[in-house]
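Peer 1: Structure in structure tokens, see below.
Coordinate-derived values only; no laboratory data. If you're wondering where the values come from, they're calculated on a predicted model, not measured in any experiment. With ideal geometry, Cβ positions are generated from the backbone for all residues, glycine too; neighbour counts draw on all protein chains shown.
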Amino acid sequence: LSNSTKTHTLCRRCNKRSFHRQHKTCASCGYPAAKIRSYEWGQKAKRRKTTGTGRMRHLSGVPRRAKNGFRTGVATSKKAA
């Protein structure tokens, strides 16, 4: 028997203990594949990982900027009361 008992270790992309040490692929995110692993038969799994489950540091401000036409470097004009 070998000394190693664990088949899966930490994945450097998704930080889950799903990286198969012999296959060298992550069972959760599919690393080192370029695209994130997701399937239509796992809709609950997609829901857990999709956009909106994290901080969305950039994306949360996009609707407000889209409303104003993505203007940059323009001083705001005072509105008439």
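Peer 1: For residues that are more than 30 Å from residue 29 (Cα to Cα), basic (Lys, Arg) and assigned to a loop (DSSP other than H, G, I, E, B), tally how many sit in the range 40-81. Before the answer, list the steps.
Peer 2: Of the range 40-81, the ones more than 30 Å from residue 29 (Cα to Cα) are 64-81.
Retained after the next criterion (residues that are basic (Lys, Arg)): 64-65, 67, 71, 78-79.
Subsequent filtering for residues that are assigned to a loop (DSSP other than H, G, I, E, B) retains 71, 78-79.
Within the range 40-81, residues that are more than 30 Å from residue 29 (Cα to Cα), basic (Lys, Arg) and assigned to a loop (DSSP other than H, G, I, E, B) number 3.
Peer 1: Only one of 65, 37, 47 is surrounded by 10 or more Cβ atoms within 10 Å (Cβ to Cβ), touching a strand residue (DSSP E or B) at 6+ places or on another chain (Cβ under 8 Å) and of a type outside the set (Ser, Thr, Tyr); which? Let's see the steps before the verdict.
Peer 2: On the way: 65 fails: touching a strand residue (DSSP E or B) at 6+ places or on another chain (Cβ under 8 Å); 47 fails: touching a strand residue (DSSP E or B) at 6+ places or on another chain (Cβ under 8 Å).
Of 65, 37, 47, the one residue that is surrounded by 10 or more Cβ atoms within 10 Å (Cβ to Cβ), touching a strand residue (DSSP E or B) at 6+ places or on another chain (Cβ under 8 Å) and of a type outside the set (Ser, Thr, Tyr) is 37.
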